[in-house]
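*Asks:* The structure is given below, and queries will be raised subsequently.
The values are calculated or read from the model by the stated rules, or taken from the named source; none is laboratory data. If you're wondering where the values come from, they're calculated on a predicted model, not measured in any experiment. Note: ideal-geometry Cβ built from the backbone for every residue, glycine included; neighbour counts use all protein chains shown.
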Amino acid sequence: MNHPVVLAISGASGVIYGQRLLEVLIAAGIEVHLTISDSARLILDHELGIKVDLKQFELTQLLPHLSGDANVVYHHYQDFMTPIASGSHKTSAMVVCPCSGSTLSGIATAAGKNLIQRAADVHLKERRPLILVTRETPLSLIQIQNMERVCSAGGTIMPASPGFYHGCESVTDLVDFMVARVADHLDIENQLIKRWGS
């Protein structure tokens, strides 16, 4: 990829998807612009026992076992003066992983109430790939309509619905299935799962 990938982790259950995707992007040598919502901070603690300080963020807070260099630029979710808030800043794609119902709503209505929503709006208006890994069930009609609006505007809705046909034996296998699907849509080579027919 010639330009960075924006990764936003919002406050839906399944923050492990975002954490694992970040690891895969780093391993692929891709520059990542990362932003994390305050709700995601709480869920990282609740689901993974990871405490992150959004005001004094360090990558090892999110990836405790990180070794080696990582080309990750962090942006506070309330900072609208960051490069990813502007269409003039070149990026290859954006992924919201996981994407909460409220984040989906903000993106679908171009609300721009935080940096995640604003950066997603930038990707839609600039016609750059935007992938929302939604993690909500069941879906209300309003959420379905919001998904339709994002799709109509050029975004990709990728519900966190892992497959079981690849011989999963652990939660990690299920997480890797979804992360592999996201990586495929970003055209990033990966060997996270056994391919169908291989």
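*Asks:* Residues Asp53, Asp45: which one is part of a helix (DSSP H, G or I) and at pLDDT 95 or above?
*Replies:* Unique residue meeting the criteria: Asp45.
*Asks:* Going by what's in this entry, would Ile131 be described as free of Cβ contacts under 8 Å to residues at least 60 places away in the same chain and closer than 21 Å to Ile144 by Cα?
*Replies:* Yes, satisfied.
*Asks:* Quick one: in the stretch 89-114, which of the residues that are of a type outside the set (Ser, Thr, Tyr) and part of a loop (DSSP other than H, G, I, E, B) is surrounded by the most Cβ atoms within 10 Å (Cβ to Cβ)?
*Replies:* Asn114
*Asks:* Does Val133 qualify as being β-branched (Val, Ile, Thr), in a helix (DSSP H, G or I) and under 17 Å from the mean Cα position of the chain (by Cα)?
*Replies:* Considered against the rule, which asks whether it is β-branched (Val, Ile, Thr), in a helix (DSSP H, G or I) and under 17 Å from the mean Cα position of the chain (by Cα), Val133 comes out as no.
*Asks:* Is there a residue in the stretch 38-61 that is among the polar types (S, T, N, Q), surrounded by 13 or more Cβ atoms within 10 Å (Cβ to Cβ) and touching an Asp or Glu at 6+ places or on another chain (Cβ under 7 Å)?
*Replies:* yes
*Asks:* Out of all the residues in the stretch 65-88, which are more than 17 Å from Leu25 (Cβ to Cβ), assigned to a loop (DSSP other than H, G, I, E, B) and not acidic (Asp, Glu)?
*Replies:* Within the stretch 65-88, His76, Tyr77, Gln78, Phe80, Met81, Thr82, Ser86, Gly87, Ser88 qualify.
*Asks:* Suppose we filter the stretch 1-29 for residues that are within 14 Å of Leu48 (Cβ to Cβ) and of a type in the set (Val, Ile, Thr); how many remain?
*Replies:* Number satisfying all stated conditions: 3.
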